[in-house]
Structures are given as structure tokens and as C-alpha cells.
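Novice: Quick one: this structure, given as C-alpha cells, is what I'll be asking you about.
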Amino acid sequence: NAGVMQNPRHLVRRRGQEARLRCSPMKGHSHVYWYRQLPEEGLKFMVYLQKENIIDESGMPKERFSAEFPKEGPSILRIQQVVRGDSAAYFCASSPRLGLQETQYFGPGTRLLVL
Amino acid sequence: KNEVEQSPQNLTAQEGEFITINCSYSVGISALHWLQQHPGGGIVSLFMLSSGKKKHGRLIATINIQEKHSSLHITASHPRDSAVYICAALPNTGNQFYFGTGTSLTVIP
């Protein structure tokens, strides 16, 4: 059973470009969480999704950021018109059931660098 | 002020030492999560607990809900335990974890 997969592992973008980060949860998991880890800072919650549904996006910036988890395919975190401050590691995690008391399984992260 | 505070921020230990990492939080919680982040950046879930104590191998996690405090202990530490240890608190209300800034542990052979 493969773990949580994220791609790309490293992504370099110039200011103003778009970044698309993908997360494939563990098989059988229908809940996905996205977190951001800025350099020298702790993890911060961004968004919590169930298939075809956003449960909580209170941690995601209102502009330029969006997330989806379609019925088929990976979850996508999309950052439009990236700025240098978006440079960070973005982690996704998945769990099999609804409820944050379920153990979350983390992916390896995508390191985004904005030049 | 961060809702979750960890101490110490950095810790260096000799191989074999008993290690304690502390986590205090300011909100009422329903669960607390201990995570390990390896030098390469990958994150592994160690424990999820809401009361009492859990043990897995050389790792022990305890939580005191009344005192709003949790500890992670490592017995007979080994260089491969070198990592950043992160605690995350799940408030009674809300859908998101609040994360501590992590404790960076280095175990010297």
C-alpha cells in the first residue's frame, strides 16, 4: 500500500507564474489536509478537503490560493501569481475517515521556490 | 502568542540518554498529535492521544488535560532519533491543528 504521494517534490517558479501541487492520498483515504511550512517556521494548516468538498479552508489565503479534491484523481493545491513569500514546503496528509482525531499520514512534501 | 509552545527549542544529547520534550497549549483540546520531521523533511506521525499515556518502542507520550501539557520521552536515545519533534493540538472546536514550532533533537554517538 503506497503512502501519500506528492509531486513534484521540488518546484521552481518565477514571480507571477502559477504553481500546481498534487497530492495522492493513501488508498482508501478520502480526506486530505494541506499544510505549509515557511522557512524557519512551524507547520500551518491551510485547508481540509473531502472528495468533492471543502470542509475547512480557514487557513488558506483568500487570494491566489485554491484547493480541490475531485472525485477522481489527486488533490490539487493551486497558487496563482506566485510571490517570493510563497516559497515554502507544502505538505499534504490523508486520513481514512472524517474526524481530526484520526491519525494523519503525511506525504514527503513539495518544496516551492519562487525566484 | 502561539497557542502551542514547545520546549526546549533545541536539544543535544549523548547516545543512550533519556530525553524529554515538552508541549504546553493554551486552549481546550480534544486530541494532541506528536510528529517527527526527519532531516530530509519527511513527516511521520508518532502518536495521537487524548488522555493518559501511549508507548511505542522507545517512545512514550503522556498528556495531562487539566494542566494542558504533554511530554514526549525517548528512552535509550540513538543518533537515528535526531529529528525535529512537533506537537500539534486539536482544539475542542474547529477543524484544524495548531502546531508548535518544533524541538530540534541531535543525538551524538
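Novice: Let's test the formula: R0 of 45 Å, r as the Cβ-Cβ distance of residue B:2 and residue A:17. What FRET efficiency results, to the nearest 0.05?
Specialist: It comes out at approximately 0.90.
Novice: When the Cα centres of the range B:1-78 and the range A:6-41 are compared, how far apart do they sit, in Å?
Specialist: 26 Å
Novice: Tell me which of A:110, B:84, B:74 sits at the most positive position along the dipole axis of the protein assembly as shown, charges placed on C-beta atoms (Lys, Arg +1; Asp, Glu -1).
Specialist: With unit charges placed on the Cβ atoms, the residue in question is A:110.
Novice: At 1.4 Å probe size, with no ligands or nucleic acids counted, give the accessible surface of residue A:10 in Å², nearest ten.
Specialist: Spelled out: residue A:10, probe radius 1.4 Å, area about 140 Å².
Novice: Of B:104, A:58, which has the most accessible area and how do the rest follow, probe 1.4 Å?
Specialist: A:58, B:104
Novice: Suppose we look only past 17 Å in the calculated P(r) of chain A. What percent of the Cα-Cα pairs does that tail hold?
Specialist: When every Cα pair of chain A is considered, 50 percent fall beyond 17 Å.
Novice: Can you give me the pair-distance distribution of the range A:1-66, C-alpha pairs, 5 Å bins, whole percents?
Specialist: 4, 13, 19, 27, 22, 11, 3, 0
Novice: Tell me, which longest segment in chain B has none of the trypsin sites (Lys or Arg not before Pro) that fall in DSSP loops with at most 14 further Cβ atoms within 10 Å?
Specialist: Excluding the exposed sites themselves, the longest stretch runs over B:2-57.
Novice: As an exercise, use a Förster radius of 35 Å and the Cβ-Cβ distance of residue B:54 and residue B:17 to find the FRET efficiency, rounded to the nearest 0.05.
Specialist: Efficiency, from the Cβ-Cβ distance: 0.95.
Novice: Leaving ligands and nucleic acids out of the surface, order A:14, A:64 by accessible area at 1.4 Å, largest first.
Specialist: The residues order as A:14, A:64, largest area first.
Novice: Something else now. In nm, give the distance between the simple-model label positions of residue B:76 and residue B:27, each being 7 Å from the Cα along the Cα-to-Cβ direction.
Specialist: 3.9 nm
Novice: Sticking with this structure for a sec: Show me you know the interface measure: the accessible area buried between A and B, both chains summed, probe 1.4 Å, in Å² to the nearest 100.
Specialist: About 1500 Å² of accessible surface is lost on pairing.
Novice: Report the accessible area of residue B:46, computed with a 1.4 Å probe over the heavy atoms of all protein chains in place, in Å² rounded to the nearest 10.
Specialist: For residue B:46, solvent-accessible area is about 40 Å².
Novice: Over the heavy atoms of residue B:18, what accessible area does a 1.4 Å probe trace out, to the nearest 10 Å²?
Specialist: 120 Å²
Novice: With equal scatterers on the alpha carbons only and no solvent term, can you work out the Debye log10 of I(q)/I(0) for the protein assembly as shown at 0.07, 0.10, 0.12, 0.14 1/Å?
Specialist: The computed values of log10 I(q)/I(0) come out as -0.22, -0.45, -0.65, -0.88.
Novice: Based on alpha-carbon atoms only, what is the radius of gyration of chain B relative to the globular estimate 2.2 N^0.38 Å?
Specialist: 1.01
The values are calculated or read from the model by the stated rules, or taken from the named source; none is laboratory data. Since the structure is predicted, the reported quantities are computational estimates derived from the model, not experimental observations. Because the Cβ atoms are built from the backbone with ideal geometry, glycine has one as well, and the counts that use them run over all protein chains shown. Accessible surface areas use protein heavy atoms only, side chains included; no ligands, DNA or RNA. Shrake-Rupley method; radii C 1.70, N 1.55, O 1.52, S 1.80 Å.
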